[in-house]
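Structure record follows, encoded as structure tokens.
The values are calculated or read from the model by the stated rules, or taken from the named source; none is laboratory data. These numbers were taken from a predicted model, which means no experiment stands behind them. Every residue, glycine among them, receives a Cβ derived from its backbone with ideal geometry; neighbour counts consider all protein chains shown. Surface areas here come from the heavy atoms of the whole protein model, side chains and all, with no ligands, DNA or RNA. Shrake-Rupley method; radii C 1.70, N 1.55, O 1.52, S 1.80 Å.
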Amino acid sequence: MTNTPEAPALIERRGHVMLITLNRPQARNAVNADMCILVGDALAEADKDPDVRAVVLTGAGDKAFCAGADLKAITRGEAVIPPGREKWGLAGYVGQAISKPTIAAVNGPALGGGTELVLASDLVVAADTAVFGLPEVARGLIAGAGGAFRLAAKLPQAVAMELLLTGEPITAAQALELHLINRVVPAVDVVDVALELAAKIAANAPLAVAATKRIALAQTESGDRPAESIGWEMTSAALETVAYSEDAKEGPRAFAEKRAPVWQGR
């Protein structure tokens with residue numbers, strides 16, 4: 001795969017590890033359709049290539065890991081998930097469960113869709129500058145890329161419900177205390193530490209690692225996770241109602257205008 005500096009995602013090999021960098025720092029690494037294709041194809045390649053034994057996902061620059069879907073593209077009427085790629089979800093990542101372990105190297109804020117990429121990863125190394133959260137309810141929206149049910153699965157119910165229903169963010173230190181992430185390191189070290197962790201995994205027997213991941217996550221060899229099917233179905237059904245509501249229009253508009261939203265409940 002050939003990288004160009006302007007590509008929305010950069011793909012590298014570091015020994016047995018594939019490093020994927022979300023490369024739209026000017027847009028806080030927000031996800032557009034081209035990024036979806038590059039990341040999704042890279043993950044599919046990693047899954048099939050026996051020489052790849054782990055994947056690290058990070059973001060370019062120091063402003064953000066990922067700001068979620070590109071709202072400017074959506075405003076222009078552009079799809080951030082290309083037709084035919086719906087099953088793989090946001091960034092070609094949240095719905096594509098591969099057999100190789102995945103590690104998020106969170107180099108900065110990861111709110112909304114950024115947190116959903118984190119929740120879709122097997123392990124997480126975060127910069128001390130990182131923050132996590134699903135603020136969708138404050139915008140009249142829902143976490144549509146798996147965030148609602150995955151956060152509830154990873155945290156005690158009361159903790160998850162507070163974060164989901166208030167939309168308030170937490171720091172990297174708080175996320176570590178809650179066991180939502182694995183490491184907190186200085187921002188300058190986050191990718192190196194993630195690559196070191198990936199290398200430790202890659203040094204183990206690949207068939208045993210893949211089988212262990214499948215068993216631990218109740219994942220089939222085809223990448224399906226039956227335990228998550230209800231969560232995806234409920235998310236899809238809710239999106240049809242919530243995403244086109246008056247409140248969903250008011251939330252982003254109020255945010256852009258720096259005022260309190262006026263909810264109508266419809």
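Odds and ends about this structure:
- Paramagnetic reach from ASP189 (point 7 Å along Cα→Cβ, amide N under 20 Å) across region 120-157: 123-131
- Area accessible to solvent at HIS179, 1.4 Å probe radius, in Å²: 150 Å²
- Residue among LEU151, LEU178, LEU164 with the largest mean-square fluctuation in a Gaussian network model of the chain, springs linking Cα atoms under 10 Å: LEU178
- Å² per residue, accessible surface of the chain at 1.4 Å: 50 Å²
- Extreme residue, positive dipole direction of region 163-235, given options ALA202, ALA218, VAL185 (C-beta unit charges): ALA202
- P(r) tail fraction, the chain - alpha-carbon pairs more than 32 Å apart, %: 18 percent
- Pairwise Cα inverse-distance average, inverted: Kirkwood Rh of region 92-185 (Å): 13.1 Å
- Cβ-placed point charges (K, R +1; D, E -1), dipole of the chain about Cα centre in debye, nearest 20: 100 debye
- For the pair ASP128 and SER245, label points projected 7 Å from Cα toward Cβ lie 4.1 nm apart.
- Charge dipole (Cα centre; +1 on Lys/Arg Cβ, -1 on Asp/Glu Cβ; no other charges) of region 25-166 amounts to roughly 220 debye.
- Region 50-125 shape via C-alpha gyration tensor axes, a/c threshold 1.5: oblate
- Residue order for ASP192, ASP62 - accessible surface, 1.4 angstrom probe, largest first: ASP62, ASP192
- For region 229-236, backbone phi angles converted through the Karplus equation (6.51, -1.76, 1.60; θ = phi - 60°) give residue-by-residue couplings of 4, 5, x, 5, 4, 5, 5, 4 Hz, Gly and Pro being listed as x.
- DSSP-loop GluC sites (Glu not before Pro) across region 165-252, with at most 10 other Cβ within 10 angstrom: GLU221
- Only protein atoms count toward the accessible area here, which uses a 1.4 Å probe; on region 145-266, the carbon and sulfur part of that area reaches 60 percent.
- In terms of the mean number of neighbouring beta-carbon atoms within 10 Å, the peptides 38-48, 21-31, 208-218 order highest first as 21-31, 38-48, 208-218.
- What separates the Cα centres of region 190-263 and region 15-63 is a distance of 15 Å.
- Contour excess over end-to-end distance, with Cα ends at ALA79 and GLN264 and 0.36 nm allotted per residue: 63.9 nm
- Here the accessible area of region 1-80 is 53 percent carbon and sulfur, with a 1.4 angstrom probe and all protein chains present.
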